[in-house]
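First the structure, in the form of structure tokens, and then the observations on it.
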Amino acid sequence: MSANRGKVSVVSALFIAIVIVSCLCARLVYIYADAAWRSYALCGLAGVVTLYVVYEIRGFVRFSRSAAGENRKTVHEEASALLLINEEADAIKSWDLRNRTGLLIGRSTGGADADIDLSDTAYFSLIGDEHAVLNHTSRGWLLADVGSRNGTALLRAGSDKRMILTPGEPIPIRPGDTIFIAGETALAVR
């Protein structure tokens, strides 16, 4: 932002210099030239001043729109819970995400204690002990597959196409999304 403001300052200073030089030239023409040249000088000066004013107004409008756009950016509501849902989209189990920084999705077995334990689901045998992770960052909650054998997918709210996650590459989640663990076990983001 400061680099752009620096460019605007240089251009504004250049326009001001042109206006000053135009004023001096118009004054000299007005003093030493006849009536016809005086009107040409005044028209030229009026043209330069008009260009400067239009430039400044456009810059102000552009700056105002960008500032308003920053305020209008869509702020996605942050996820607060995960719900294990069945085929009818009824909630079976829930996990609160508030005041958490990271969660392991998988099965609690002898080797690992999953924060979101799916060992009692119908397709538990397809779910890895350490299947996926959720991490809270300044961008909100990020979901990442940790290299599971049967994968993790995300269905965005309002979409009908699942995105298969690339292991190790986090993707943001928002309320309304649905996470699919091993293709069958669905977790609704609220």
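Coordinate-derived values only; no laboratory data. Predicted model, so just to flag it, every value in this text is computed and none were measured. Counting neighbours? That spans all protein chains shown, and the Cβs are built from the backbone with ideal geometry, glycine included.
Okay, here's what the table says:
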item: In nm, spacing of pseudo-spin labels at THR137 and ARG27 (7 Å Cα→C-beta vector); result: 5.9 nm
item: Label-point separation in nm, LYS161 to SER94, each point 7 Å along Cα→Cβ; result: 3.3 nm
item: Gain upon complete extension [ALA112, ALA13; 0.36 nm per residue less C-alpha separation]; result: 29.1 nm
item: More than 19 angstrom apart: percent of Cα pairs within the stretch 81-189; result: 36 percent
item: Residue among ALA153, PRO175, THR121 farthest towards the positive dipole end of the stretch 100-186, charges placed on Cβ; result: PRO175
item: Efficiency of FRET from Cβ geometry, ILE20 and THR101, R₀ 45 Å, rounded to 0.05; result: 0.15
item: Net charge over other residues, Cβ less than 14 angstrom from the Cβ of GLY147 (K, R count +1; D, E count -1); result: -3
item: Potential extension, VAL146-SER119 segment - 0.36 nm per residue separation minus Cα distance; result: 8.0 nm
item: Residue order, fewest to most surrounding Cβ atoms within 10 angstrom, among LYS93, LYS161; result: LYS161, LYS93
item: In order through the stretch 20-28: 3J(HN,Hα) via Karplus (6.51 cos²θ - 1.76 cosθ + 1.60), integer Hz, x for Gly, Pro; result: 5, 4, 4, 4, 5, 5, 5, 5, 5
